[in-house]
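The values are calculated or read from the model by the stated rules, or taken from the named source; none is laboratory data. As the structure is a computational prediction, the values presented were derived from the model and not from experiment. Methodologically, a virtual Cβ is constructed for each residue, glycine included, from the backbone with ideal geometry; neighbour enumeration extends over all protein chains shown. Please note that ligands, DNA and RNA were not included when accessible areas were found on the heavy atoms of the full protein model with its side chains. Shrake-Rupley method; radii C 1.70, N 1.55, O 1.52, S 1.80 Å.
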Amino acid sequence: MIYLDNAATTPMNGEVIERVQETMQKCFANSGTPYRIGLDAKRLIEKSAESIAGYLQIPSTHRLLFTSGGTESNNLFIKGLCFPDKKTAFLGLEHPSVTESLAFFKQFGNDPLSLLPFQVEGRLDLNSISTLNENRVKLLCLSHVNNELGTVNDPLQVASALEKESPQTKLFLDGVQAIGKIVLNPDMWKGLAGYSISGHKIHGPKGIGLLVYDSRLVLSPQMHGGKQQFGVRSGTLPLPLIMGLETAIQQAVERSEQNQKHLENLSRRLIQGLKCLQDQQSELNIRFNSLIDADATRQSPGMVNFSFSPVEGEVVLHHLEQKDIFVGMGSACSAQSKEPSKILMGLGLNEEQARCSLRISFSENNTLEDVDQFLEAFGVAYQTLYPTFLQKA
Amino acid sequence: MTERKTVLIRYDEIGLKGKNRKYFEKCLLKNIKRELSCSDDISYRSPRGRILLDIPSSFAQECTTRLKKVPGIASFSIGVSMAPDFEAISALGVQWIEPKLLSAGSMKFCVRTRRSAKSFPQTSPEVNFEVGSRIMKQLSSKGLTVNIKEAEFVLEIEIGRLETVVFDNREPGLPGLPVGSSGNVLCLLSGGIDSPVSAYMMACRGCRVHFVFFDNQPFLGRGGYDKVLRLAKKINRFQARATLFVVPFQDMQSAIRDHCNEENRVVLYRRMMYRIAEEIADRYHFLALITGESLGQVASQTLENLAAVSCVTTLSVFRPLVGMNKDSIINKAIEIGTYETSIEPQPDCCSVFMPKNPVTRSKIPFLERDEGKIPWEELRDDALTRMEIIKVDDL
């Protein structure tokens, strides 16, 4: 099997599985109880949070909450800070857990400001920051790494632009696709009001994530209950998942430089290979939706999104599936769901280009051989399918 | 010994049958036995006009949910089988009524008797009086009154030739005819809302419904296939022993798409599906085809197009939903529990095979001319050889 959809999820690392299993077997106690085994569990969680803060070099000004994953982290921060009437802005290319959280405010008469007119190559044009000031925006929500394109909004650049042009606007980044794929600069934290991380995107367990946020901010809880985690996020903490997350983050950070290089090699090979295919097959027309030849401040090396009209991405996906190759896509070809990817459309693609696209996303487990096999299978699938789709067009 | 209950099952339409009645009764009894086979502690008997089961009390609730899935039952009651002794029946009545009466403060009640054993010395009204007066004697001081029209508690007594059953409840069953009594049919199952409902409706007319699904892999993923498996399983809850035929349809569809008129595509796909279904039906001796088509619902379901599709087969084609509107189909789907699965977003046809403007009034000679351009017999036979056959009970 060749798995090239690591932006959807990643397989768990052996060490992570071991850590989760071991904790499941040994520590069952509720970390909120006053007796010894409960206190032991609590201590483990505190230690784990400290270690995570250490690995990510999170400064003491920021607080760390365990959540069920990226979606919850995004909801908790955005709704917890801005509900119901604080003015928000977003680029319009974010993950639904961001855009839908913001859209939720609309029913209270608080329309989020879309900066889509200011997107360039899938990133926020920093010249637009003054708009935020004019609109008295309190929170700007962006993806650190875009989940379909891999394009990067560099936190340092955005934060410094905000500081200059719109100092009252705080910055929240959805970092789910960033960690483990690009090296995180620890200087970014001081410009960030909030940042979300998900376990299963970095070879950790599903059902666990993090919200890192500036502890001076008051978040109203979205989940009420036993007042765990400063009362902001109630619910008994899942100790085994937290242990697994810690190990996953440790490995992601330790290997991030080496990973970034490895991913760069893979994506370079893929881009090169696609260009070669294009030269060989006159009917193949590749349009790269991700940035090529860009450094990690503009494009994550873990992801390559490209279009190839007129053949539909979903059909290619299923043909590759038959060869045991699994890739991602942003849009569906079904007669029922006619919606093509909002992100690709937002980037300015037409409906056909958006439909005829695939997203390849790598992890450290992938090899150059995987890329070559994909290229070969893709070439064959395209050639087989092209006549069928040519007629349609 | 565990406490026992008696289940009294009343037939639906079988009651109207004449000389064939025995056959239908046997079918229903067989289906009930299969449905309740999860317990081996049940005894069955069928005196005239009824089916009686003797079950452990602990099985009563499970039995109720299961019996509600067996077509051919008008209603059923769970009670106690006893001798037709007025004292004993009244005592049981008091035992059932008293707690309810005490918590409510007052209660209207009546006794209803049905006497199929005409040899029994008292008439039904006499039994009502005998039992009712005994109960009143004990409970009238606690607030019990007799009210035949607005009774809140009805104590029912069925006096049969061999046994008497006393009960206080009636559960509606699934009306219609027992599955299998009409024969085997083949339903063209898609992943949509309609075809599962049509299959269910035919199961309630005594058919054992088998399924055929036309699979689009690899153009579409395995999602559609998985969904149909789940739907077949859900419908099979009402009948058991169904077979699902999964026919690879991709090559046929590609041929039609590449060689035939674009606007005719959908009707041509359907004609081929009917032809393949007919072959399967012939092999397995199924007596009719069932579809979820409803008149005018989509372009392929106009009168002309339905006629153009039906004429490729000599089998009867039944469309139980033909006169239903979408809302009532949806309600039925919700009722039988297939709706949630049907609406899962799963493509059932890739847009590349869909025409921009499908024909609404197709002409058979044009369709035949189109079909002349492709080797459809070969494609059909090839699809049939590659067909997967799944026993739905095993899923």
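With the condition kept exactly as written, say whether any residue in segment A:240-253 is within 30 Å of A:ALA29 (Cα to Cα) and more than 20 Å from the chain's Cα centre (by Cα).
As a first pass, look at segment A:240-253 and keep what is within 30 Å of A:ALA29 (Cα to Cα): A:240-253.
The next check asks that each one be more than 20 Å from the chain's Cα centre (by Cα); those that pass are A:240, A:243.
Checking segment A:240-253: at least one residue is within 30 Å of A:ALA29 (Cα to Cα) and more than 20 Å from the chain's Cα centre (by Cα).
Name the pairs: first residue in segment A:119-148 and hydroxyl-bearing (Ser, Thr, Tyr), second residue crowded, with 22+ Cβ neighbours inside 10 Å and part of a strand (DSSP E or B), Cβ to Cβ under 9 Å, at least 6 apart or on different chains?
Listed by first residue and then by second, the contacts come to A:THR131/A:ALA89; A:SER143/A:THR151; A:SER143/A:VAL152; A:SER143/A:LEU173; A:SER143/A:ASP174.
Residue check: is A:GLY80 in contact (Cβ under 8 Å) with a residue 40 or more places away in the chain and part of a helix (DSSP H, G or I)?
Yes.
Given the residues A:LEU39, A:LEU44, which is the only one that is farther than 26 Å from A:SER220 by Cα, open to solvent by less than 60 Å² (accessible area, probe 1.4 Å) and in a helix (DSSP H, G or I)?
A:LEU44
Would you check which residues across segment B:110-128 are assigned to a helix (DSSP H, G or I), surrounded by 15 or more Cβ atoms within 10 Å (Cβ to Cβ) and not β-branched (Val, Ile, Thr) and list them?
Scanning segment B:110-128 gives B:SER124, B:ASN128.
Of these, A:SER331, A:SER307, A:SER300, which one is farther than 19 Å from B:SER254 by Cβ, modelled with pLDDT under 95 and more than 10 Å from every other protein chain (Cβ to nearest Cβ)?
A:SER331 is the lone residue from the list that is farther than 19 Å from B:SER254 by Cβ, modelled with pLDDT under 95 and more than 10 Å from every other protein chain (Cβ to nearest Cβ).
Matching residues to (1) open to solvent by less than 50 Å² (accessible area, probe 1.4 Å); (2) among the basic types (Lys, Arg); (3) closer than 30 Å to B:LEU29 by Cα:
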position: B:SER46; (1), (2), (3): no, no, yes
position: B:LYS68; (1), (2), (3): no, yes, yes
position: B:ALA74; (1), (2), (3): yes, no, yes
position: B:MET82; (1), (2), (3): yes, no, yes
position: B:ILE97; (1), (2), (3): yes, no, no
position: B:SER106; (1), (2), (3): no, no, no
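Determine if segment B:263-276 includes at least one residue that is open to solvent by 60 Å² or more (accessible area, probe 1.4 Å), over 24 Å from B:ARG205 (Cα atoms) and touching a residue at least 40 places away in the same chain (Cβ under 8 Å).
Yes, segment B:263-276 contains a residue that is open to solvent by 60 Å² or more (accessible area, probe 1.4 Å), over 24 Å from B:ARG205 (Cα atoms) and touching a residue at least 40 places away in the same chain (Cβ under 8 Å).
Quick check on my filter: what residues within segment A:157-170 are open to solvent by less than 60 Å² (accessible area, probe 1.4 Å) and either in a helix (DSSP H, G or I) or within 18 Å of A:PHE118 (Cα to Cα) (or both)? Don't jump to the end; show me each part of the working.
To start, the set of residues in segment A:157-170 that are open to solvent by less than 60 Å² (accessible area, probe 1.4 Å) comprises A:158-162, A:166, A:168-169.
Selection gives A:VAL158, A:ALA159, A:SER160, A:ALA161, A:LEU162, A:SER166, A:THR169.
Mind checking whether some residue in segment A:303-311 is part of a helix (DSSP H, G or I), out of contact with any His (no Cβ under 7 Å at 6 or more places or on another chain), polar (S, T, N, Q) and free of Cβ contacts under 8 Å to residues at least 60 places away in the same chain?
Within segment A:303-311, none of the residues are part of a helix (DSSP H, G or I), out of contact with any His (no Cβ under 7 Å at 6 or more places or on another chain), polar (S, T, N, Q) and free of Cβ contacts under 8 Å to residues at least 60 places away in the same chain.
Being free of Cβ contacts under 8 Å to residues at least 60 places away in the same chain and either surrounded by fewer than 15 Cβ atoms within 10 Å (Cβ to Cβ) or out of contact with any Cys (no Cβ under 9 Å at 6 or more places or on another chain) (or both) narrows it down to one of B:ILE55, B:ILE32, so name that one. Full working, then the answer.
Numbers: B:ILE55 fails: either surrounded by fewer than 15 Cβ atoms within 10 Å (Cβ to Cβ) or out of contact with any Cys (no Cβ under 9 Å at 6 or more places or on another chain) (or both).
Going through B:ILE55, B:ILE32 in turn, just one is free of Cβ contacts under 8 Å to residues at least 60 places away in the same chain and either surrounded by fewer than 15 Cβ atoms within 10 Å (Cβ to Cβ) or out of contact with any Cys (no Cβ under 9 Å at 6 or more places or on another chain) (or both): B:ILE32.
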